[in-house]
Amino acid sequence: MPTGPEFTPVLLVSACLLGVPCNHRGVPASRSVAELGQRYRLVPVCPETLGGLPTPRPAAEVQADGSVRTAAGDDVTDAYRRGAEATVALGRAVGAVGAVLKARSPSCGRGEIYDGRFRRTLVERDGVTAAALQAVGLPVWSDEDPLPGDGSAERS
């Protein structure tokens, strides 16, 4: 990867991790990844908002069949897919080298998300946006993973 003042690599970052109150409850997430700004240009993104969902919004989970539903049974799959597509397009437009996304989110979760029964039970699966980014070859990290450039083995 080129380095120097003429090239600062870009990372997409879940906006809630940077303090934007855009998660389903409308409050910022507690873990900050702002220190990555010393090595990367950070581009905040909230796939749910890009997909047209409001803030705050009812919590949703990915179901076993791949649809995304709220606890009340409302199908929000299309909004999650639109948000994933918009995030992939944004990543391509800014030349992102990866993404750091919010753990366990039905959109952003990487490696594990809730099982769709609203019981806080985790399953090995990626959220809608995390899966879409990885499908186009963009490495994705959870905010709970060793972060890119911290000296730990990077994973994708």
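Once you have a ≥ b ≥ c as the square roots of the Cα gyration tensor eigenvalues for region 74-152, tell me rounded if a/c is under 1.5, and otherwise prolate or oblate according to whether a/b is larger than b/c. Since a/c reaches 1.5 but b/c is at least a/b, the shape of region 74-152 is classed as oblate. If the segment from residue 124 to residue 38 were pulled out straight at 0.36 nm per residue, it would be longer than the present Cα-Cα gap by 27.8 nm. Fully extending the segment from residue 64 to residue 78, taken as 0.36 nm per residue of separation minus the present Cα-Cα distance, adds 3.4 nm.
Residues of the chain were split at every exposed loop site, defined as chymotrypsin sites (Phe, Trp or Tyr not before Pro) in a DSSP loop with at most 14 other C-beta atoms within 10 angstrom, and the longest piece left, sites excluded, is 8-117. Any idea what log10 I(q)/I(0) is at q = 0.18, 0.19 Å⁻¹ for the chain, Debye with uniform C-alpha scatterers and no solvent? Here the Debye-derived log intensity ratios amount to -1.04, -1.16. For region 37-76, the mean projected area of the C-alpha convex hull, equal to one quarter of the hull surface, is 4.2 nm².
Comparing 84, 135, 15, which has the greatest mean-square fluctuation in the GNM of the chain with Cα pairs linked when under 10 Å apart? Maximum fluctuation in the GNM of the chain, among the listed residues, is at 135. Residue separation of residue 136 and residue 8 scaled by 0.36 nm, minus their Cα-Cα distance, works out to 44.0 nm of gained length. Annotation for region 48-138: GluC sites (Glu not before Pro) lying in DSSP loop with at most 10 further Cβ atoms inside 10 Å of their Cβ are 124. Of all DSSP bridge pairs formed entirely within the chain, close to 30 percent run antiparallel.
Where a number appears in this text, it was derived from the coordinates with a stated rule and is not lab data. Since the structure is predicted, the reported quantities are computational estimates derived from the model, not experimental observations. FYI the Cβ positions are ideal-geometry reconstructions off the backbone, even for glycines, and counts take in every protein chain you see.
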